[in-house]
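Worksheet: the structure to be examined is printed underneath.
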Amino acid sequence: MLDQREVSEDSGEERLFSWRRIKIAVLGSLAAIVIGLVVVSLYTGVSPMETLFGRQKVESPDLGKQAYTKGTDFFIGIIKGEGVTPKRIKVYYIEQAGGQMIEVAKERVEVRESSKPAAGGK
């Protein structure tokens with residue numbers, strides 16, 4: 001008579017939680033994560049490590065300073081941040097007098113110190 005083990009080995013069927021199936025599931029999951037990180041990094045332009053762990057934001061020395069147009073010295077507003085547009089142009093995020101935020105290319109902006117009067121002085 002045939003033993004039950006011999007019948008299951010000969011039929012070619014695998015158990016539901018065999019080591020082979022578990023190994024394939026784990027390796028497939030890891031491959032999907034790696035491919036996802038690479039695709040996101042190519043799309044956003046940052047490295048996979050920055051995507052995973054974030055990157056430290058370096059604050060610009062121009063934050064809080066006044067922005068004027070180059071050439072005409074027209075006051076634009078206060079610089080609240082800086083960044084890069086989808087067209088890879090470096091910009092300042094500027095808050096205008098009414099509270100509106102605009103982005104202006106860095107090459108068109110002249111940065112000046114705030115000319116606030118000293119507290120307690122005449």
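Here, each number is a calculation from the coordinates, and none is a lab measurement. Since the model is a prediction, treat every value here as computed from it, not as a measurement. Every residue, glycine as well, gets a Cβ built from its backbone with ideal geometry; the counts of neighbours run over all protein chains shown.
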FRET efficiency, 1/(1 + (r/R0)^6) with R0 22 Å, evaluated for Ala97 and Asp62 via beta carbons: 0.75
Counting only residues 5 or more apart in sequence or on a different chain, those whose built amide H sits under 5 Å from that of Glu82 are Tyr93
Tell me the label-point distance for the pair Lys70, Val104, using the 7 Å Cα-to-Cβ offset, in nm and rounded to one decimal. 1.2 nm
